[in-house]
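> This is the structure I have questions about; it appears just below.
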Amino acid sequence: MKKLFLFCLIAIMTMGAVKAQDQKPAKDAEAHGAKIVFAEKEHNYGTIQKGGDGNCVFTFTNTGDEPLILSSVRASCGCTTPKWTQKPVMPGKSGEIGVRYNTNNVGGFTKTVTITSNAVNEPRVVVKIKGNVVQPQQ
């Protein structure tokens, strides 16, 4: 009789634990925090002349509910130089990452810039620039 009682007690406790796990809230799809959303993640310069304008701007918006802080912005090589918003970007506001490619390097190129932030949706984002630098016609 004691064994039956003990078995029933364990079964009831186990069922209660399983039921409690089933009642845990699902992962919050709308997590709170900063959220980064880019207007575009790729810029195509097309064909540009050697020494031409190698500047472009990637615009992003903080669609979250906390300030967005960019902790690191790194180019894939030394021929690409990023400049970015240093101050926290408040919710609903936008920031920019300016990228300059050294157009003295003739030929096709594809370069990336990696952005690391406190964004809950994409803490690490990679944007890309590409194009083809040609010699000016004489």
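> Cross-link list Lys35/Lys111; Lys41/Lys130; Lys50/Lys130; Lys41/Lys83; Lys35/Lys130: which exceed 19 angstrom alpha carbon to alpha carbon?
From Lys35/Lys111; Lys41/Lys130; Lys50/Lys130; Lys41/Lys83; Lys35/Lys130, over 19 Å: Lys35/Lys111; Lys35/Lys130.
> Hey, what does the equivalent ellipsoid look like for the stretch 58-138, semi-axes from the Cα gyration tensor as sqrt of 5 times each eigenvalue, largest first, whole Å?
Value: 30, 11, 10 Å, ordered largest first.
> Report the gain in length on full extension from Lys83 to Ile69: 0.36 nm times residue separation, minus Cα-Cα distance, nm rounded to one decimal.
Here the answer is 3.6 nm.
> While we're on this one: Tally up the carbon and sulfur contribution to the accessible surface of the stretch 27-71 as a whole percent, 1.4 Å probe, everything protein left in place.
49
> Give me a comma-separated list of calculated 3J(HN,Hα) values for the stretch 120-129, in order, Karplus coefficients 6.51, -1.76, 1.60 applied at θ = phi - 60°, integers in Hz, x for any Gly or Pro.
So the Karplus estimates, Gly and Pro as x, are 7, 7, 8, x, 9, 10, 10, 10, 10, 10 Hz.
> Further question on the same structure: How much accessible area per residue does the stretch 45-103 have, counting only protein heavy atoms and a probe of 1.4 Å, in square angstrom?
Computed with neighbouring chains in place, this is 55 Å² per residue.
> Please list the non-local residues whose amide H lies under 5 Å from the amide H of Gln49, H modeled 1.01 Å from N, same-chain partners needing a gap of 5 or more.
Amide H neighbours of Gln49, under 5 Å, 5+ apart: Val134.
> Could you give each residue of the stretch 76-85 its phi-based ³J(HN,Hα) in whole Hz, using Karplus coefficients 6.51, -1.76, 1.60 with θ = phi - 60°, and x for Gly or Pro?
After applying 6.51 cos²θ - 1.76 cosθ + 1.60, I find 6, 7, x, 7, 10, 10, x, 9, 9, 5 Hz.
The values are calculated or read from the model by the stated rules, or taken from the named source; none is laboratory data. For clarity, every value in this text was computed on a predicted model and none was experimentally measured. For the accessible areas, the whole protein counts, side chains as well, though only heavy atoms, and no ligand, DNA or RNA atoms are used. Shrake-Rupley method; radii C 1.70, N 1.55, O 1.52, S 1.80 Å.
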